[in-house]
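Heads up: the structure comes next, in structure tokens.
The values are calculated or read from the model by the stated rules, or taken from the named source; none is laboratory data. This one's a predicted model, so the numbers in the text were calculated from it and none came from an experiment. With ideal geometry, Cβ positions are generated from the backbone for all residues, glycine too; neighbour counts draw on all protein chains shown.
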Amino acid sequence: MTRPSDPQAMTPSKPGRTRTAPPQLPDDFWTRPRMRTYLLFDATGIVYLLVGLIALRVAWALADGAPAWDALLQSFASPGYVLFHILALISAIFVGVRFFRLFPKAQPAQIGPVKPPPPAVLHALLYAAWGGITLVLLAVFGGIWP
Amino acid sequence: MKALLLRFEPIIWVLFGAGIMVGTLLLPGYLLTVTLGAPLGLLPDGALSFERAHMIFSNPLGRLVLLAIIALPLWKGAHHTRALAVDTLGHHSDALIGSLLYAIAAIGSLLGIVAVLAI
Amino acid sequence: MADSGELRKRTFVVTRFDPDKDQVPKTQSYEVPCRPEWKVLDALNYIKDEIDPTLSHRWSCRMAVCGSCGMNVNGEPKLTCKTSLAEYGDTVEVAPLANFPIIRDLVIEMDGFMEKFKAVKPWVIVAKEKAAEEGTYRQSPAQLAAFKQFSMCINCMLCYAACPVVAKEPDFLGPAAIALGHRYNMDSRDEGAPERNEIFRGEGTVFSCSYANECSEVCPKHVDPAAAINQSKLLAVIDWATSFVVKREK
């Protein structure tokens, strides 16, 4: 029915007059739908770490020359890499959607003279930037322009 | 180690914030082309041949974009993996795990700078 | 009293813990004939009044303003005076608020919360008090709007029961405390932001928050502590950066 929280959770610095039972969590605390989504969100951290390290290989291959570059692209065509990069794409979209949803309320009402735009405007700007940057990268990396 | 982490926390958070924002904005375009489109032959001929790829990424803006794609996801990744570690393993190993993860992000970022300058 | 409809028998599985008798908390089941309009608190009071007077639970206002009656109902932190039984089936589990040490039955130890609360200096801090002759502080509606939402907290601690970081990081200041500190940081009368931001970057660090947003999901007063915490992170960073440039009085 329950599982333990950290034994020191919410414990005062001085003990009370009677013995207390340790803090506890409901058994399904980590498996409830909202919590599962949040844990998945944190787990994309592992995917992002790997994406960054693999992108390092891309830079090194470009620095090493044409044979290294061709070999790298060939290795990226293997099932393992393809599946990982599809997972990375899904993760990036999942992260983007959740992050953009939570972004507006994380902006203070005012910093000095600066006030953020209303949430609806922020959402529009974020998604416009996402779409715009993606299209530009697709065009440039995709061979359309220049 | 915990005190050291606390001291650097603001700057780590800024790098994480940049990572989640800029990293997420850049990743779909990069993943669809460089990591999936080109290897699977889905792009027009020569789109990411070595000559063209080198032309794009030896351009100063190209170097910057590639550095952003290397470094920024590393900081987002390190920070969120650390949070996942606290959620699952508790806080006792947090100082060690956090330091290790941020060290990976820092070293990866430095190597990224060296790598993009070498293109 | 008018007949309010058919009574429905529900089973309440309630956590019991007597520190003089029990090693660990256990549960005890009670059959309660529930009126259709009842809240969870009504059932608990029925248990205490009619079935088992040894049951201990906190409650007061019955109208969701005092913050006393927070408990975990079917695993979710709720104000029991505000939670209708119509949301539940034949069995309802009532446990003490998660993440707090348990004093007895459904009563938790609050002192840990009070310490975090006091740590953020939740009062208007001014270098020099205004003299009475100078008149009152004036605030525009916009200045009030910058912090008003965060002043609505009733200290019910549901947010602490919902937070995955509170569950794992004992030093974390927690949602309500940070939201209250932020309320004062955003108050135009207050000059204490540098002091509070140092506390926000200290051992209880606001940066431990991983933006699960659970605190805001469970808050019965729509304070949105997650918004306060994440606004605080940005302001704490700006404060940290400017502290290198601008000399501060200690």
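Of the numbered criteria (1) closer than 18 Å to residue B:13 by Cβ; (2) among the hydrophobic types (A, V, I, L, M, F, W, C); (3) assigned to a helix (DSSP H, G or I); (4) out of contact with any Phe, Trp or Tyr (no Cβ under 6 Å at 6 or more places or on another chain), the one residue C:215 fails is (1). Pull up the stretch C:218-227, narrow it to residues that are touching a Leu at 6+ places or on another chain (Cβ under 8 Å) and not in a loop (DSSP other than H, G, I, E, B), then point me to the one that is farthest from the other protein chains (Cβ to nearest Cβ). Ranking the candidates gives C:218 first. For the stretch A:76-95, the criterion of being at pLDDT 95 or above and in contact with a Lys or Arg (Cβ under 7 Å, 6 or more places away or on another chain) is met by none of the residues.
Candidates C:233, C:247, C:221: the one that is in the same structural domain as residue C:135 (by TED's automatic domain parsing), among the basic types (Lys, Arg), without any contact (Cβ under 8 Å) to a residue 60 or more places away in the chain and on the phi < 0 side of the Ramachandran plot is C:233.
When B:4, B:110 are screened for being out of contact with any Gly (no Cβ under 7 Å at 6 or more places or on another chain), more than 27 Å from residue A:143 (Cα to Cα), at pLDDT below 95 and more than 8 Å from chain A (Cβ to nearest Cβ), only B:4 passes.
So for the stretch A:75-92 (the condition being of a type in the set (S, T, N, Q) and closer than 15 Å to residue B:38 by Cα), does at least one residue qualify? Checking the stretch A:75-92: at least one residue is of a type in the set (S, T, N, Q) and closer than 15 Å to residue B:38 by Cα. For the structure I just gave you, tell me whether residue B:91 is of a type outside the set (A, V, I, L, M), within 7 Å of chain A (Cβ to nearest Cβ) and part of a loop (DSSP other than H, G, I, E, B). Answer is yes for this residue.
Each row is one residue, and each column tells you yes or no for (1) surrounded by fewer than 20 Cβ atoms within 10 Å (Cβ to Cβ); (2) at the interface with chain A (Cβ under 8 Å from one of its Cβ atoms); (3) among the polar types (S, T, N, Q); (4) assigned to a helix (DSSP H, G or I).
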| site | (1), (2), (3), (4) |
| --- | --- |
| B:69 | no, yes, no, yes |
| B:77 | no, yes, no, yes |
| B:81 | no, yes, yes, yes |
| B:97 | yes, no, no, yes |
| B:103 | yes, no, no, yes |
| B:106 | yes, no, no, yes |
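Hey, could you check the stretch B:22-53 for residues that are more than 18 Å from residue A:62 (Cβ to Cβ) and assigned to a loop (DSSP other than H, G, I, E, B) and say which is nearest to the chain's Cα centre (by Cα)? By that ranking, first place goes to B:40.
Please find, within the stretch C:60-111, the residue that is nearest to the other protein chains (Cβ to nearest Cβ) out of those that are in a loop (DSSP other than H, G, I, E, B) and among the basic types (Lys, Arg). Within the stretch C:60-111, the match that is nearest to the other protein chains (Cβ to nearest Cβ) is C:82. For residue A:69, the stated conditions hold: it is modelled with pLDDT of 95 or more, part of a helix (DSSP H, G or I) and within 8 Å of chain B (Cβ to nearest Cβ). Checking residue C:87 against (1) surrounded by fewer than 24 Cβ atoms within 10 Å (Cβ to Cβ); (2) out of contact with any Gly (no Cβ under 9 Å at 6 or more places or on another chain); (3) touching a residue at least 40 places away in the same chain (Cβ under 8 Å); (4) over 18 Å from residue A:10 (Cα atoms), which test does it fail? The failed condition is (3).
Is it true that some residue in the stretch A:84-107 is on the phi < 0 side of the Ramachandran plot, touching a residue at least 24 places away in the same chain (Cβ under 8 Å), touching a His at 6+ places or on another chain (Cβ under 8 Å) and at the interface with chain B (Cβ under 10 Å from one of its Cβ atoms)? Within the stretch A:84-107, one or more residues are on the phi < 0 side of the Ramachandran plot, touching a residue at least 24 places away in the same chain (Cβ under 8 Å), touching a His at 6+ places or on another chain (Cβ under 8 Å) and at the interface with chain B (Cβ under 10 Å from one of its Cβ atoms).
Given the options A:57, A:36, name the one that is closer than 20 Å to residue B:57 by Cα, of a type outside the set (A, V, I, L, M, F, W, C) and more than 7 Å from chain B (Cβ to nearest Cβ). Of the residues listed, the single one that is closer than 20 Å to residue B:57 by Cα, of a type outside the set (A, V, I, L, M, F, W, C) and more than 7 Å from chain B (Cβ to nearest Cβ) is A:57.
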